């Protein structure tokens, strides 16, 4: 559905050339939700703007539905853009137009007839739950409501793809959740493929099937959401994970605990989460597990349990216990203390 | 006969004629200034670096032209472009002769005011409409000009007021108007009443134009 092939984007700045995006490949299949996460300045905003060519990549090709859009002449590109909706952090609504007109005006400009314009405007206002606000002006709405109008506007062109440029970053956590639920609903009920960028890990957690982690213009790690949440490899991915679950213990504490045993992070995914494995460990081996931290992360496609334990016991017993857990599908990561 | 009646009998027709002349000059030159100034304003917004139609040459050229014209005081411009005025309208005197310099004086001013009005429109909205695949022409009309309407109205109000000021100098080329009346009768012939009357009419005129402009802008503004 969306294929970005070796995309690079260079900007000329006063201090010379800056490569905002560096050789990035992205492939979003129909009906999936993919997320790009990164700190500000990572290049993710430039990247998403390359998808509908608001930004022209310096190198690489963009394919939408199999058509290479990077080489299309402007009129054809406009047609291609009709099939790609976009929502923004700043909503970008017309301040001087009512909620209804904000949805109707673009449709009129795209050449739909009166009846169709009215049909669609009413239909999508209902989908986003703002039918009763159609006569209001944007400044009379809350941030979440404004984003709903923007979503309705994007949906009204009946796109196959929705691009979301930090759409929830200006919203409070509760509103963020309701907007994310709406995006999920759109994805599920209308089958719209979504590519979003964000700096909030909870956005990825709630709605993404696949994750790209970006830093300094590069995609430093990418994986499906469950894999990335269970086995992050890049330090930046780990940092982002720490923002939603307390994964770090202080190195001093770990060193202290290492004297009497090992400190290990256990990750439970899928069926391993259901078995009473920890209880089994203390019976089978001569070890005493002590839970230091524990949490559960609910992803779109599954649940992940995270436990950091201190296993007290003889070294061979501890190792045997860890091997037993490993064989039962538990993710194992030894935490090192101060060296 | 009271003094007031005497004054109105003697001067009302002359003042009335001057008011009409002023209205003529302001109306006609405002029309042409808007016709040139608004597109020029749109041009310098759209051709500036980073915009839809960015074009360094056009942007800098139009900026230069606007700045040059704006540097010349109207009284000097009036005489400076006499040959050009003759070339365009065939005469350099009367209402006809003053329209050309008035337009050349006002259009760049309007262009500058349009520029600042249009720059107030968030670029993100333009971007959102571009992303939907809407034509640049439609975006100019339905996004840029629409969103800038309140500031455009205020800008036009300011230009109208400054245009009224400029017409006062039009008397120099025999175009008449309120300024001419005040100068010729009020000043040169020591008819103090005429001077007071003219100033009073000008004050009322400017006040009303400004209030109408403010009210219109407020009605169009929705935030």
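Structure summary
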{"read-out": "0 to 90° range, to nearest 10: angle between helix B:56-71 axis and chain B longest Cα axis", "value": "20"}
{"read-out": "GNM flexibility winner over chain A from A:145, A:157, A:118 (Cα, springs under 10 Å)", "value": "A:118"}
{"read-out": "Mean-position separation - Cα centroids, segment A:1-66 and segment A:292-328, in angstrom", "value": "38"}
{"read-out": "Candidates B:113, B:58, B:202: whichever shows maximal mean-square fluctuation once chain B is modelled as a Gaussian network with Cα springs under 10 Å", "value": "B:58"}
{"read-out": "Convex hull volume per residue for segment B:1-101, taking Cα atoms only, in Å³", "value": "140"}
{"read-out": "For segment A:192-295, the Rg and Dmax computed from alpha carbons only, in angstrom", "value": "16.9, 54"}
{"read-out": "Mean shadow area of segment B:43-107, taken as a quarter of the surface of its Cα convex hull (nm²)", "value": "4.9"}
{"read-out": "Inter-part distance where segment B:23-72 and segment B:75-102 are each reduced to a Cα centre, Å", "value": "20"}
{"read-out": "Helix axis angle, A:173-190 relative to chain A longest principal axis, alpha carbon, degrees", "value": "70"}
{"read-out": "For q = 0.07, 0.10, 0.15 Å⁻¹, Debye-computed log10 I/I(0) when each Cα of chain A counts as one equal scatterer", "value": "-0.38, -0.69, -1.18"}
{"read-out": "Kirkwood hydrodynamic radius (C-alpha pairs) into Stokes-Einstein, segment B:3-220, 4 °C and 1.567 mPa s, D in µm²/s", "value": "68"}
{"read-out": "Spread of Cα-to-Cα distances over 10 Å intervals beginning at zero, given as percent, for segment A:253-335", "value": "19, 54, 23, 4"}
{"read-out": "Among A:86, A:312, A:214, residue whose mean-square fluctuation peaks in a GNM of chain A (springs only between Cα atoms under 10 Å)", "value": "A:312"}
{"read-out": "Mean-position separation - Cα centroids, segment A:78-142 and segment B:106-184, in angstrom", "value": "29"}
{"read-out": "Ascending count of other beta-carbon atoms within 10 Å, so fewest first, for B:2, B:151, A:255", "value": "B:2, A:255, B:151"}
{"read-out": "Cα-based Rg and Dmax for segment A:135-264, where Dmax is the largest Cα-Cα distance (Å)", "value": "18.8, 68"}
{"read-out": "Rounded if a/c under 1.5, otherwise prolate or oblate - segment B:82-166, Cα gyration tensor axes", "value": "prolate"}
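Values in this text are rule-based calculations from the coordinates and carry no lab data. These numbers were taken from a predicted model, which means no experiment stands behind them. Cβ: placed from backbone, ideal geometry, glycine included. Neighbour counts: every protein chain shown.
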